[in-house]
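S.K.: Dropping the structure in here first, questions after.
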Amino acid sequence: MLRYPFLTWLILMTATAVSADGLLFERDIRPIFKTHCFHCHGEDGVQESDLDLRLRRWIVAGGESGPSIEPGDPSSSLLLDRVSSGEMPPGDKLLPESDVEKIRQWIARGAPTAREEPETVSEEDLITEEDKLFWAFQPIVRPKIPNVGDPELTQNPIDNFILARLESQELSFSEAVDRYPFMRRIHMDILGLPPTPEDVKRYTTNASPTATKRLIEQLLASPAYGEKWGRHWLDIAGYADSEGYTEDDRVRESAFRYRDYVIRAFNADKKMDQFIREQLAGDELASSSTILTDDDVQKLTATGFLRMAADGTASSGIDQDLARNQTMSDTIEIVSTSLMGLTVGCAKCHNHRYDPISQIDYYRIRAIFEPALDWKLWRNPSARQISLYSDAERQKKKDIENEVASVAAAKKKKTEYYISLTLEEELSELDESLRESLRTAYTTPSDKRTAEHKQLLKEYPSVQNISPGSLYLYDRRRDEQARGLDTLRSKKEQQFINETRQRSIAEAPLDVQEALRDATGIKASERSQQQQGLLKKYPAVLVTKSNLATFNAEAAAELKDLTERATLFRKTKSADDLKSYTDQIAEIRQRIPKEGFIRALTEPKGHQPATYLFHRGDHQQPLQKVAPGGLSILRASQAIAPQSESLATTGRRLAFAKHLTSGDHPLVARVIVNRIWAQFFGRGIVASLGDFGKLGERPTHPELLDWLTSEFVRSGWQMKHLQRLILSSATYQQSSRRRASLEEVDPDNLLLGRMPVRRLESEALRDSLLAVSGELNREMYGQAVPVREDEVGQIVIGKEMLDGERKPVKGSGLGGQEMRRSIYVQVRRSRPLAVLETFDAPRMTPNCSQRSVSNVAPQPLMMMNSDFSIRCSERFAERIRKEVGQQTPQQAVRAWELAFGRAPEDGELQAAIQYLEQQTKSLPDNKDPLATLCHALISTNQFLYID
Amino acid sequence: MNVIQQIARRRFLQRGALNLSALATAWLIGQDKVQSEPTKPDLERAAFNLRPKPPHREPRARAMISMFMQGGPSQMDLLDPKPELNRLDGQKFPGNIKYDNAAQASSKVLGSPWKFSRHGESGIDISELLPHLGGIADDILLVRSMHTGVNNHGQSIHALNTGRSQRGRPSLGSWMTYGLGSETSELPAYVAMTDPNGLPVEGVLNWSNGWLPSLYQGTVIRPREPRILNLEPPSHLLGETQNNYLNFVDRLNRSHLKEHPGESELEARIANYELAARMQSAAQEALDIKQETMATHRLYGLDKPETQEFGTRCLIARRLVERGVRFIQLFTKNQYWDHHGSIRTALPKSCMKVDQGAAALVTDLKQRGLLDSTVVHWGGEMGRLPVIQNDAGNAKVGRDHNTYGFSMWLAGGGFRAGQIHGATDEFGHHAIKDIVHHYDYHATLLHLFGLDPDRLVFRRAGREQNLLDGQSGQVIPGLLRNNI
């Protein structure tokens, strides 16, 4: 016992290992049946083979095949037979051997129950006494701060909780971390950016005992703080800049305002209870005036939280009812995993298999959102937007649209002109006898055309198919015709020249004709004087292109006609001409004041749609009506009135938000505090951040969780207060180095006898690469930085420029927007940015409760070979050269300082210099060895991990 | 299970929970080993990987090479002779026609300027423009009754390559690798090879994973350096420079590890750098055709300028199949076969480029014993009309689009050999006998890979989606060797 005290503690914590003597139906057997059997044998009025397994009594009574157990005699218990043979449950999933064994032992001991069974099973009875005792549903009680053996080691109560547990295992804290790694750690944790060498110097040379305290305050006050911590909130909100659901994955132009709201809220340290209330019911908190104040705008923007779920309802070709209900269930999933830390969504189709959440509970929560997300009275995403236009702007837009209308009318007239011109051109190519009847056929409206008309048009498809949309094709055809005329003209021209020459020779006296022919066959410069004289006398013999008109007016006129016809063909550019109208319209519209929108959730006034429980979650099978409410296990099933007395809308969401943030809700504040903790320590006190239910993990330090939660609520839900406490704790300021004594007892560091080594999150990695290369653009807020597919389909930052066939055309840059922090990069569901996705940026399906951290070969490949990392290395090198000049040792020192927040040790510096020499030799002359040093540094574990 | 076991297990699963990377090299992720299924399949987020997965039934094929002739090769000039057209040459076409280019539309019949003759023991008629194909007539299944029914390039490409005419769905190669995983851990499972003169119509969507995890996106082997993005650095960093870099990174990482003894995550990343370097050299090795004999070079036409480029890609495709790559698609450049005009000069040129390489691929796979397990496909997204487009003289005439009846050929992987399947009407306009819709073709392909279209599903937005997407695709026994 003494040898493994820690393991003993773990076993006591979990209470799953129970000796066979104590097996009870309610606690040990019923959960097995609930998970695997109730669905067909008990719930929803389904009792296949007439068998109901929800009470021991009914199990003994059995069904069609007779009694299912014989208490005391496992070998004659049909149920045991069925499960141990694998016959039940049906399908691929079998009961684990341990469960079968449990059932066997329970039967053998006479199948005891904990207490007398109820007469019948109602919904409320779904919740057993055991459920009620589950840790996560217990009220938050501020625990006593434990005493520790070595109080000098503690900075604040966090340390008491951690150290007391360590001391109970005869362990203690690790030594404090050095100032250099601490500086990098705290910068990364608060800002998601590395410290500059100047930051490091200032801190490490500050001998004041309050230096760390001041550092913490300074960092918490930085605007970069909101960009780092806002990102964590966006994960659980399922933030995306596109609608998802369908293949077209439409862009959400206005979602960014919600992202900015979140960043601002974190930077302002907005109280979290208010923050949550605004997000769930900002519309019901805003003034009901038609003119929006800044405060109204903020509150309405906050409801964007409830508009983050994928919403495909603006797309065509989908099952609308299905899509609408999917948006609703995704929204419920986001709300429940992010705020309540429970997988409520599992109760959509049937009672939760593990947690005491009934299907009715699920639909109670649905009823809270039904008035705003009513699938029978749906508004698609654009209809839900709220305009930020003022009245004056609206009027201006109207005026400009009037202007547009007159240009559009002119365009229409011009189109008609081109159609008739094209028609006449086509007709002129045809036999004259056909023209009139074809013209009539074409100009007759298609529904009035006779059979002869139709037959005629079919034979002449190039007439039949003239339309505004095909005009451009006839422009091309005119070009071809013009080229044809050109060819004809030059052929004719040569012919006319020859004819004119021959004729003029023929008209000369017979005796000079021979001499004239000879003279024309000789180069002008080689002609004799006599020949020149002769030619002067008969100038028409030397006819050329330029003087043809002088000698043959008729021929010249014919050529001129050909030229003019070709010119006319060339001049008629119907598509270009019509496009100029379109361009003009676009130009006029440029003057329309840009209309901003809020992506918000609102309710129609007085709208109280009924919510029905859907059989097996299928919206086509509604059963009974359900009223709004919270979870039964929290005795909150009646907590929400269907209609508020003071609001024009139902007020259900506001009431729900108040219920969640009352301070009495056992989950909301715990879940938030636990998430904050996890960001610093790499693991939550409850390791499953989004699941505080039975399948989730149990807290490693339950009293600490409760103390922090009560401290958080007591402080007025101030996030920064909580973070300040954590950052100034001795626990956080420990070294991350493993120690043999710790490893033996606690290899997974559950007791926090040291800090963990953590990998940078994808955004921190990308932002750090930009920061060290000196390229980071710190501009805050606004429209998302766009992403596009590159030539092979990788997603990179940039504006998409494609031709009509989706092939890339050369586009322009983004003017430095490329270098903005990752939180501002467009989150298009179908286009995750490659560099972020490679390092585990989440896909929002529908949100992300907890990121995974992978360690796979594409990551080194991206660092080794990607354009992004190589470009960063090159800029990094340029920056160093600019800052410290051309001397190799100084360059290497600066590289270390920028990348790692410290100077290199001697051995490192020597190695770097040697490496630079090697690279100078192997690289071509025009390539930069220093860039390869930078490339190496950003590729190291030291860069990628936080010590 | 107690907390410590649970956490250990969760960590184990997380390491195995595969990163869904959009990187061209995301396929590498399959390196991680998860040995058991999660105990809570309903609640765990699905983990995706490229480890080999058992098909639903005994497969006939395990790899596929598709040569996509983008633009639409003219079936009546290449694979589907129509004497009736030559008889009616220049006369009014006696039926209804849907045109794409109105201004150049005409209703005059265009007979084929080229001769057909019978080849092999099977006696399949093939045009004089494809002499090498004639040489492998007994190895191919010629389908003359393809039909997608959507008369634009983009839409018809998507129908053939993703099952539906609209954009955004996963491509065939993505479905295959999603369903079957990869047999190589050092090369991409799904490779797209583009033409040096540019991308086909619809660009990168041709090898898109759509809404499947991006792990299943096609990796492009580019026609220039670096051939595979992220798998090779720019050329100035290759070779010794990269070795120096890797050694230096390794040295720094190892001294960092000394400061963090026992930190297995850091050790694993050091190992991943080594793995990454191995993958880089594996890819370079696979692309290195210098290792092939002169005879092989000649077989693929690498000794002639007009066949060298396409032949090289065919040869690389064979090397990739040998090394376990699941799905390879070669594309001709934008609208290479879209012969709206000057068909008399342009079509022979297009045929010259691809005929030898394509036939060599079948011959070579066969002599290496790989043809039985490898499907080879040759065809475009459409065929052409029996009438003239651009009636501006013999040299200028062409043919407009036709997706109502066109031809393609298949070889290996369980497809029948030396056979013709289906037929078009007397003008080659509409498929009329044994019509093969794109979804029938897909059902048959999946069947040969041992996959059941109803079971190869991906759950998305609350629904189970599959390649056929509710269309009535049927496995067509007439396409299969021994009808199975």
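S.K.: Six or more apart or on different chains, Cβ atoms under 6 Å: show the pairs whose first residue is in segment A:68-95 and farther than 14 Å from A:Trp106 by Cβ and whose second is outside any loop (DSSP other than H, G, I, E, B).
M.R.: Sorted first by the residue in segment A:68-95, then by its partner, the pairs are A:Met88/A:Arg82; A:Pro89/A:His36.
S.K.: Follow-up. Kindly indicate whether any position in segment A:280-294 is modelled with pLDDT of 95 or more, at positive phi and either surrounded by 24 or more Cβ atoms within 10 Å (Cβ to Cβ) or within 14 Å of another protein chain (Cβ to nearest Cβ) (or both).
M.R.: no
S.K.: Let me ask something else. Checking A:Gln910 against (1) in contact (Cβ under 8 Å) with a residue 40 or more places away in the chain; (2) over 23 Å from B:Glu267 (Cα atoms), which single condition isn't satisfied?
M.R.: Result: A:Gln910 passes all but (1).
S.K.: Consider A:Asp475 against the criteria (1) away from chain B (no Cβ under 14 Å); (2) at pLDDT 90 or above: it satisfies all of them except one. Which criterion is unmet?
M.R.: Here A:Asp475 meets the rest and fails (1).
S.K.: Which of the residues that make up segment A:796-813 are within 11 Å of chain B (Cβ to nearest Cβ), surrounded by 16 or more Cβ atoms within 10 Å (Cβ to Cβ) and either closer than 20 Å to B:Leu229 by Cβ or in contact with a strand residue (DSSP E or B) (Cβ under 6 Å, 6 or more places away or on another chain) (or both)? Before you say what the answer is, go through the steps one by one.
M.R.: Looking only at segment A:796-813, we keep the residues that are within 11 Å of chain B (Cβ to nearest Cβ), and these are A:796, A:800, A:802-809.
Subsequent filtering for residues that are surrounded by 16 or more Cβ atoms within 10 Å (Cβ to Cβ) retains A:796, A:805-808.
Within segment A:796-813, A:Val796, A:Arg806, A:Lys807, A:Pro808 meet the criteria.
S.K.: Of the conditions (1) in contact (Cβ under 8 Å) with a residue 24 or more places away in the chain; (2) surrounded by fewer than 24 Cβ atoms within 10 Å (Cβ to Cβ), B:Gly393 clears all except one; give me its number.
M.R.: Going through (1) in contact (Cβ under 8 Å) with a residue 24 or more places away in the chain; (2) surrounded by fewer than 24 Cβ atoms within 10 Å (Cβ to Cβ) one by one, B:Gly393 breaks only (1).
S.K.: Would you check which residues across segment A:821-837 are at the interface with chain B (Cβ under 7 Å from one of its Cβ atoms) and of a type in the set (A, V, I, L, M) and list them?
M.R.: The one that is at the interface with chain B (Cβ under 7 Å from one of its Cβ atoms) and of a type in the set (A, V, I, L, M): A:Ala834.
S.K.: Just a yes or no: is a residue in segment B:384-393 under 22 Å from B:Glu202 (Cα atoms) and either under 17 Å from the mean Cα position of the chain (by Cα) or of a type outside the set (Asp, Glu) (or both)?
M.R.: Initially, segment B:384-393 is screened for residues under 22 Å from B:Glu202 (Cα atoms), giving B:384.
Remaining after also requiring either under 17 Å from the mean Cα position of the chain (by Cα) or of a type outside the set (Asp, Glu) (or both): B:384.
Yes.
S.K.: Looking only at segment A:838-884, count every residue that is surrounded by fewer than 23 Cβ atoms within 10 Å (Cβ to Cβ), more than 23 Å from the chain's Cα centre (by Cα) and either within 13 Å of chain B (Cβ to nearest Cβ) or modelled with pLDDT under 95 (or both) and tell me the total.
M.R.: Of the residues in that region, 3 qualify.
This table checks each residue for (1) in contact (Cβ under 8 Å) with a residue 12 or more places away in the chain; (2) at the interface with chain A (Cβ under 7 Å from one of its Cβ atoms); (3) part of a loop (DSSP other than H, G, I, E, B); (4) under 27 Å from A:Gln914 (Cα atoms).
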residue	(1), (2), (3), (4)
B:Arg227	yes, no, yes, no
B:Thr241	no, yes, no, yes
B:Asn244	no, yes, no, yes
B:Val249	yes, yes, no, yes
B:Leu252	no, yes, no, yes
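S.K.: Looking at segment A:766-794, which of its residues are within 13 Å of another protein chain (Cβ to nearest Cβ) and in contact (Cβ under 8 Å) with a residue 60 or more places away in the chain? I'd like the intermediate steps shown before the answer.
M.R.: Keep residues of segment A:766-794 that are within 13 Å of another protein chain (Cβ to nearest Cβ), which gives A:787-794.
Answer for segment A:766-794, where residues must be within 13 Å of another protein chain (Cβ to nearest Cβ) and in contact (Cβ under 8 Å) with a residue 60 or more places away in the chain: there is none.
S.K.: Looking at (1) within 14 Å of another protein chain (Cβ to nearest Cβ); (2) modelled with pLDDT under 95, which is the only condition B:Asn482 fails?
M.R.: (1)
S.K.: Still on this structure, I have one more. Suppose the filter is part of a loop (DSSP other than H, G, I, E, B) and not acidic (Asp, Glu); does A:Arg894 pass it? Spell out the reasoning first.
M.R.: Working: part of a loop (DSSP other than H, G, I, E, B): no; not acidic (Asp, Glu): yes.
Against the criterion (part of a loop (DSSP other than H, G, I, E, B) and not acidic (Asp, Glu)), A:Arg894 does not qualify.
S.K.: Can you tell which of B:Ser156, B:Ser117, B:Ser185 is closer than 24 Å to A:Asp803 by Cβ, out of contact with any Phe, Trp or Tyr (no Cβ under 8 Å at 6 or more places or on another chain) and touching a residue at least 12 places away in the same chain (Cβ under 8 Å)? Reasoning before the result, please.
M.R.: On the way: B:Ser117 fails: closer than 24 Å to A:Asp803 by Cβ; B:Ser185 fails: closer than 24 Å to A:Asp803 by Cβ.
After applying the criteria, what remains is B:Ser156.
S.K.: When you scan segment A:663-741 for helices (runs of 4 or more DSSP H) that lie fully inside it, which ones turn up with 1 or more residues that are in the same structural domain as A:Ser168 (by TED's automatic domain parsing) and under 27 Å from the mean Cα position of the chain (by Cα)? First the steps, then the outcome.
M.R.: On the way: elements: A:668-681, A:702-714, A:719-727.
Once the helices (runs of 4 or more DSSP H) in segment A:663-741 are filtered for at least 1 residues that are in the same structural domain as A:Ser168 (by TED's automatic domain parsing) and under 27 Å from the mean Cα position of the chain (by Cα), what remains is A:719-727.
S.K.: If I ask for residues that are away from chain A (no Cβ under 13 Å), surrounded by fewer than 23 Cβ atoms within 10 Å (Cβ to Cβ) and out of contact with any strand residue (DSSP E or B) (no Cβ under 7 Å at 6 or more places or on another chain), which ones from segment B:149-178 would you list?
M.R.: Correct list: B:Gly149, B:Val150.
S.K.: I've got another one for you. Say we look at segment B:200-217 and pick out the residues that are more than 7 Å from chain A (Cβ to nearest Cβ) and under 19 Å from B:Gly379 (Cα atoms); which of these is nearest to the chain's Cα centre (by Cα)?
M.R.: Result: B:Asn206.
S.K.: Would you be able to tell me the number of residues in segment A:785-830 that are closer than 24 Å to A:Gly230 by Cα and not polar (S, T, N, Q)? Don't jump to the end; show me each part of the working.
M.R.: At the first step, the residues of segment A:785-830 found to be closer than 24 Å to A:Gly230 by Cα are A:785-787, A:795-798, A:816-830.
Still in the list and also not polar (S, T, N, Q): A:785-787, A:795-798, A:816, A:818-821, A:823-825, A:827-829.
Selection size over segment A:785-830: 18.
S.K.: Additional query: Take residues that are of a type in the set (Val, Ile, Thr) and within 30 Å of B:Gly301 (Cβ to Cβ) and tell me which of the strands (runs of 3 or more DSSP E) falling wholly in segment B:51-160 contain 2 or more. It would help to see each step written out before you state the result.
M.R.: Numbers: elements: B:63-68, B:105-109, B:116-119, B:124-127, B:140-147.
Output list reads B:124-127, B:140-147.
S.K.: Condition (residue is at the interface with chain A (Cβ under 10 Å from one of its Cβ atoms), more than 30 Å from A:Leu94 (Cβ to Cβ) and at pLDDT below 80) applied to segment B:31-46: is it met by at least one residue?
M.R.: Within segment B:31-46 (the criterion being at the interface with chain A (Cβ under 10 Å from one of its Cβ atoms), more than 30 Å from A:Leu94 (Cβ to Cβ) and at pLDDT below 80), the answer is yes, since at least one residue qualifies.
Yes/no per residue for (1) outside any helix (DSSP H, G or I); (2) at pLDDT below 95; (3) touching a Cys at 6+ places or on another chain (Cβ under 9 Å); (4) among the hydrophobic types (A, V, I, L, M, F, W, C):
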{"site": "A:Ala114", "(1), (2), (3), (4)": "yes, yes, no, yes"}
{"site": "A:Ala136", "(1), (2), (3), (4)": "no, no, no, yes"}
{"site": "A:Asn147", "(1), (2), (3), (4)": "yes, no, no, no"}
{"site": "A:Leu166", "(1), (2), (3), (4)": "no, no, no, yes"}
{"site": "A:Pro181", "(1), (2), (3), (4)": "no, no, no, no"}
{"site": "A:Arg185", "(1), (2), (3), (4)": "no, no, no, no"}
{"site": "A:Ile190", "(1), (2), (3), (4)": "no, no, no, yes"}
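The values are calculated or read from the model by the stated rules, or taken from the named source; none is laboratory data. Quick caveat: nothing in here was measured; it's all calculated off a predicted structure. Neighbour counts run over all protein chains shown; Cβ positions are idealised from the backbone, glycine included.
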